[in-house]
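For reference, the structure discussed in these notes is given below.
The values are calculated or read from the model by the stated rules, or taken from the named source; none is laboratory data. Because the structure is a prediction, the values reported are computed rather than measured. So basically every Cβ, Gly included, is an ideal-geometry build from the backbone, and we count neighbours across all protein chains shown. The accessibility values were calculated without ligands, DNA or RNA, using every heavy atom of the protein model including side chains. Shrake-Rupley method; radii C 1.70, N 1.55, O 1.52, S 1.80 Å.
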Amino acid sequence: MSRTILRARLLSYLRAPEHPDDTESFRYIEDGALLIEGGLIRRIGEYSTLDTVGAEVIDHRPHLVMPGFIDTHLHFPQTQVIASWAAELLDWLNDYTFPEEIRYADPELCAQMAGRFLDRLTDHGTTTAVAYASVHAASAEALFAEAHIRNMRLITGKVMMDRNAPEGLCDTAQTSFDESAALIARWHGRGRLGYAITPRFAITSSPAQMEAAQALALAHPDCHIQTHLSENHAEIALACRLYPQAKDYTDIYARYGLLRANSLLGHALHLSDRELSALAEADAKPVFCPTSNLYLGSGLFDDARLREAGLSNAIATDIGGGTSYSMLQTLAEGYKVLQLQGQRMHPYRAFDWITRGNAEALGLADRIGTLEPGSEADLVVLDARATPAMAQRMERARGLVDELFTLQVMGDDRAVLETYIAGNPAKGAR
Ligand code: GUN
Ligand code: ZN
């Protein structure tokens with residue numbers, strides 16, 4: 001088995017930082033080395049202490065190597081609706097997004113776009129994604145197949161939607177159950193792939209389809225569940241009108257058994273205290289989508305309030321309501337959203353969030369999100385001097401905090417020099 005040693009400055013979190021001086025929460029090694037074998041990290045340490053005999057040494061100094069970024073919510077069929085002109089969520093869905101997703105009925109288009117989608121992720125340093133496919137089973141099939149070829153960790157699922165959408169984008173309760181079950185049987189747990197049961201949101205699923213999602217969830221407790229919750233006031237009002245027996249939006253999903261520790265709830269913006277308690281009780285994971293929430297004017301994610309209620313929040317791009325594939329840009333916009341509410345996102349916490357934190361939210365922290373031995377060798381090589389403006393800023397940097405904050409505020413795909421997927425270069429190689 002080939003042995004590769006990456007030499008670089010290394011940063012990896014051991015736990016969530018509790019305050020800005022919490023330097024015990026991570027490992028930072030100035031002249032560090034990672035031994036990679038069989039797609040896994042075998043050792044991490046000072047370069048001088050690692051045995052280099054028989055190993056290929058790749059020298060990334062002076063750059064910073066971290067675990068690859070994890071995007072916990074985005075949409076595979078929406079890469080060509082980014083930057084579509086719409087007033088708010090429901091207009092944007094009806095006028096741009098639904099018509100675009102109809103195109104994914106074509107398996108050839110799906111296959112071609114799957115490669116381009118995964119290329120965009122790796123370009124931006126994202127090594128694990130949790131993606132919505134379209135309603136068409138072929139779209140999930142194509143995305144799984146392409147990720148499998150690349151040995152990339154990916155969670156996806158065919159969207160379940162049987163009403164309030166164009167005909168070409170509707171399945172039925174039965175077909176959504178059957179197609180999801182077949183995809184689970186074929187792909188869930190194969191290589192680095194996992195299935196997410198994906199009722200799009202309460203508005204586009206009938207009660208019968210919610211029952212189908214419930215049956216899938218019961219039969220497959222280790223599959224993730226992903227949906228949208230409480231993104232915009234018009235959406236909330238319509239969802240509650242469609243499910244008048246529910247106490248509130250959150251209760252719609254609760255009634256169908258869709259809230260549990262591996263449930264990912266995109267947006268979670270306008271929630272009552274009762275809803276927060278119900279989510280916390282289930283240990284469900286709200287997903288902060290800052291660029292999308294700002295772009296669609298949906299609202300400000302109240303990270304501190306949700307955390308005080310006992311919730312562990314994930315963070316994501318939400319392409320194509322989101323405007324950037326970059327988890328660095330996502331942090332930049334997230335920082336501003338929290339600033340507007342008198343909250344802060346310190347760079348130590350920010351970089352924990354998009355690596356180990358998101359891995360933990362997915363229940364995958366033993367496999368991805370850190371550089372600990374035994375982890376999968378999904379890595380990103382970062383250059384905080386990637387653009388003239390960043391380089392100029394960095395001339396006055398005072399150590400690691402300033403470097404990280406420069407990446408967090410000014411970084412994007414240009415700051416990602418290389419992305420490794422299971423030990424193999426995936427960006428520079430193309
Ligand atoms: N709610 C239901 N579907 C979607 C979607 O595709 N994007 C966003 N942002 N919200 C949604
Ligand atoms: Zn979404």
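Some notes on this structure:
- Being out of contact with any strand residue (DSSP E or B) (no Cβ under 7 Å at 6 or more places or on another chain) and open to solvent by less than 10 Å² (accessible area, probe 1.4 Å) holds for only one residue in ALA114, ALA138, ALA142, and it is ALA114.
- Residue within segment 271-279 that is of a type in the set (D, E, K, R), touching a residue at least 60 places away in the same chain (Cβ under 8 Å) and in contact with a Ser or Thr (Cβ under 9 Å, 6 or more places away or on another chain) present: no
- Scanning segment 263-310 for residues that are of a type in the set (A, V, I, L, M, F, W, C), within 16 Å of ligand 2 (Cβ to nearest atom) and surrounded by fewer than 23 Cβ atoms within 10 Å (Cβ to Cβ) returns LEU269, LEU294.
- Considering residues of segment 182-207 that are hydroxyl-bearing (Ser, Thr, Tyr) and more than 18 Å from TYR243 (Cβ to Cβ) only, the residue farthest from ligand 1 (Cβ to nearest atom): TYR195
- Filtered residues of segment 57-95 (kept if buried (at least 20 other Cβ atoms within 10 Å of the Cβ), of a type in the set (A, V, I, L, M, F, W, C) and not in a loop (DSSP other than H, G, I, E, B)): LEU64, VAL65, MET66, PHE69, ILE70, LEU74, PHE76, LEU89, TRP92, LEU93
Conditions tested, residue by residue: (1) without any contact (Cβ under 8 Å) to a residue 12 or more places away in the chain; (2) open to solvent by 10 Å² or more (accessible area, probe 1.4 Å); (3) in a strand (DSSP E or B); (4) under 22 Å from GLY191 (Cβ atoms).
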residue	(1), (2), (3), (4)
LEU371	no, no, no, yes
VAL381	no, no, yes, no
ALA386	no, yes, no, no
GLN408	no, no, no, no
ARG414	no, yes, no, no
LYS427	no, yes, no, yes
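- Of the residues making up segment 52-71, one or more are among the charged types (D, E, K, R), under 25 Å from the mean Cα position of the chain (by Cα), modelled with pLDDT of 95 or more and closer than 19 Å to GLU418 by Cβ.
- Every residue from segment 388-406 that is hydrophobic (A, V, I, L, M, F, W, C) and either loosely packed, with under 15 Cβ neighbours inside 10 Å or outside any loop (DSSP other than H, G, I, E, B) (or both): ALA389, MET390, ALA391, MET394, LEU400, VAL401, LEU404, PHE405
- Hits in segment 311-332 - residues which are open to solvent by 10 Å² or more (accessible area, probe 1.4 Å), more than 13 Å from ligand 1 (Cβ to nearest atom) and touching a Phe, Trp or Tyr at 6+ places or on another chain (Cβ under 9 Å): ASN313
- Any chance TYR295 is aromatic (Phe, Trp, Tyr) and under 29 Å from ALA133 (Cβ atoms): yes
- Those residues of segment 116-147 which are of a type in the set (Gly, Ala, Ser) and within 16 Å of ligand 2 (Cβ to nearest atom), in sequence order: ALA129, ALA131, ALA133, SER134, SER139, ALA140
- Among residues of segment 119-132 that are basic (Lys, Arg), those with a Cβ under 8 angstrom from a residue that is open to solvent by 10 Å² or more (accessible area, probe 1.4 Å) and within 16 Å of ligand 2 (Cβ to nearest atom), sequence gap 6+ or separate chain, pair up as ARG120/THR79; ARG120/TYR325.
- Residue count for segment 330-368 satisfying the condition of being under 12 Å from the mean Cα position of the chain (by Cα) and outside any helix (DSSP H, G or I): 1.
- Counted residues, segment 280-298 - those being more than 18 Å from TRP85 (Cα to Cα), part of a loop (DSSP other than H, G, I, E, B) and touching a residue at least 40 places away in the same chain (Cβ under 8 Å): 1
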